[in-house]
């Protein structure tokens, strides 16, 4: 299982940094470090001449719910070095999978979002939320695909509403993830998680959102 990634020593002050918070989709289960969406995003942004630290700093692990992420962030203060120039947040698929009550998810997601804001020095324009991908289209999800897809939509409706109410950027990657229903190259070898090809699509959507705040 991938470990939590925190990065190394703080970079020079002129070098900008991205912090990525989440679960298996953020740590990049079943793909290489270079294929993680946050690192692919950095690769795109640096072509514009931005001095951006590579790889991204990551707090994520496969299987994490919103509560798991909050628990980790409560003990990682001596390792993280805010403020970050951009923070991404993608969390919730394991809340859905573990049948967490949607009202409880709303509360915990908001707490995660507030932590993300905190790590930017309270600059909401530097926080970027991604929707939950739909794993019902993977071989792992085919046994209960309709119900999974419906529940993913419920959880995404919550995180989208909370995010937009706070005036924060929201990138909807769910439609892209559903293209794996007819294109298996978008699924990793574990038959559940996205492939590097799918993560590249997310990075292509995310990079234009992040670039302006780094310039």
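The values are calculated or read from the model by the stated rules, or taken from the named source; none is laboratory data. Quick caveat: nothing in here was measured; it's all calculated off a predicted structure. FYI the Cβ positions are ideal-geometry reconstructions off the backbone, even for glycines, and counts take in every protein chain you see.
Failed condition for residue 147, given (1) more than 21 Å from residue 28 (Cα to Cα); (2) part of a helix (DSSP H, G or I); (3) touching a strand residue (DSSP E or B) at 6+ places or on another chain (Cβ under 6 Å), with all others met?
(3)
With 88, 120, 107 as the choices, which residue is part of a loop (DSSP other than H, G, I, E, B) and at pLDDT 95 or above?
Answer to the selection: 120.
Of everything in the stretch 84-103, what is in contact with a helix residue (DSSP H, G or I) (Cβ under 8 Å, 6 or more places away or on another chain) and surrounded by fewer than 19 Cβ atoms within 10 Å (Cβ to Cβ)? Give them in sequence order.
Within the stretch 84-103, 100, 102 meet the criteria.
Modelled with pLDDT of 95 or more, closer than 26 Å to residue 104 by Cα, buried (at least 23 other Cβ atoms within 10 Å of the Cβ) and touching a helix residue (DSSP H, G or I) at 6+ places or on another chain (Cβ under 8 Å): which single residue out of 63, 22 fits that description? So that I can check it myself, show each step before the final result.
Values: 63 fails: buried (at least 23 other Cβ atoms within 10 Å of the Cβ).
On inspection, the qualifying residue turns out to be 22.
If residue 6 satisfies every condition in (1) under 18 Å from residue 120 (Cα atoms); (2) in contact with a strand residue (DSSP E or B) (Cβ under 9 Å, 6 or more places away or on another chain); (3) at pLDDT 95 or above but one, which is the exception?
(3)
Does the stretch 40-54 hold any residues that are in contact with a helix residue (DSSP H, G or I) (Cβ under 9 Å, 6 or more places away or on another chain) and either surrounded by 21 or more Cβ atoms within 10 Å (Cβ to Cβ) or on the phi > 0 side of the Ramachandran plot (or both), and which are they?
40, 41, 42, 45, 52
Output the residues belonging to the stretch 180-202 that are touching a residue at least 24 places away in the same chain (Cβ under 8 Å), farther than 19 Å from residue 92 by Cα and part of a helix (DSSP H, G or I).
Selection gives 180, 181, 196, 200, 201.
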